[in-house]
1. Which ones in the stretch 48-68 are over 25 Å from MET151 (Cα atoms) and either exposed (fewer than 14 other Cβ atoms within 10 Å of the Cβ) or touching a residue at least 40 places away in the same chain (Cβ under 8 Å) (or both)?
2. Quick one: TYR58 ticks every box in (1) at pLDDT 95 or above; (2) more than 22 Å from ASN111 (Cα to Cα); (3) outside any helix (DSSP H, G or I) except a single one, so which number is it?
3. If ASP114 passes every condition in (1) in contact with a Gly (Cβ under 8 Å, 6 or more places away or on another chain); (2) assigned to a loop (DSSP other than H, G, I, E, B); (3) among the acidic types (Asp, Glu) but one, which one does it miss?
4. Can you confirm whether ILE8 is β-branched (Val, Ile, Thr) and either in contact with a Phe, Trp or Tyr (Cβ under 9 Å, 6 or more places away or on another chain) or surrounded by 18 or more Cβ atoms within 10 Å (Cβ to Cβ) (or both)?
5. Got a sec? Which of ILE60, ILE99, ILE35 is among the β-branched types (Val, Ile, Thr), touching a Pro at 6+ places or on another chain (Cβ under 8 Å) and more than 21 Å from GLY143 (Cβ to Cβ)?
6. Which ones in the stretch 82-105 are surrounded by fewer than 20 Cβ atoms within 10 Å (Cβ to Cβ) and under 15 Å from the mean Cα position of the chain (by Cα)?
7. Could you look through the stretch 117-135, keep only residues that are assigned to a loop (DSSP other than H, G, I, E, B) and either without any contact (Cβ under 8 Å) to a residue 60 or more places away in the chain or in contact with a strand residue (DSSP E or B) (Cβ under 8 Å, 6 or more places away or on another chain) (or both), and pick out the one that is nearest to THR61 (Cα to Cα)?
8. Out of (1) among the small types (Gly, Ala, Ser); (2) more than 28 Å from ARG12 (Cβ to Cβ); (3) part of a strand (DSSP E or B), what's the single condition that is false for ALA80?
Amino acid sequence: MVKKASEIQKERIQEIEEKASKILEKCVVVTLASINEKGYPRVCAIKKIRNNGFLEIYFITSKRSHINGKATHFENNTKASVCYYLGGDSVTLIGDVEIVTNMDEKREFENDCDRKFFKKGIVDPKCYLLRFRTQEATFWIEGKFRTCKYM
């Protein structure tokens, strides 16, 4: 039986998505871009604490400044980008960041919280749990390029 072009495309997309998820599992640090108070992108390296494939990624950050910094940026503008790279393969994600405020949900991340930095742990008011949700992904994996939309 000959596969339809649409079936082949779906298989190729699924294959590159699986590879992108495996690459992210190996990356401890990724880049996260926010939009600052002047409308410019601000990119920083940040430790990824959890992820569900590449569609949902969690970070912990501190709210130390009311003027600048990623927590303040995301309070004012949820648009974000995440990028990660390993062995010549790269993935660039575009999406939105949500500041998780539900304490029951935040408590699930208690063990991911740096107690040296946040003395009160995840309940520290300066401890922000960020959830990034992918809307678009651009993959460059094993010499293959593809952009896909989500949500």
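1. THR61, SER62, LYS63, ARG64, SER65, HIS66, ILE67
2. Among (1) at pLDDT 95 or above; (2) more than 22 Å from ASN111 (Cα to Cα); (3) outside any helix (DSSP H, G or I), the lone unmet condition for TYR58 is (2).
3. (1)
4. In short, no.
5. Only one candidate passes the filter, namely ILE35.
6. CYS83, TYR85, SER90, THR92, ILE94, ASP96, GLU98, ILE99, VAL100
7. Residue satisfying both the conditions and the ranking: LYS126.
8. The one condition ALA80 does not meet is (2).
The values are calculated or read from the model by the stated rules, or taken from the named source; none is laboratory data. These figures come from a predicted structure and were not determined experimentally. Cβ coordinates were reconstructed from backbone atoms using ideal geometry, including for glycine residues, and neighbour counts include every protein chain displayed.
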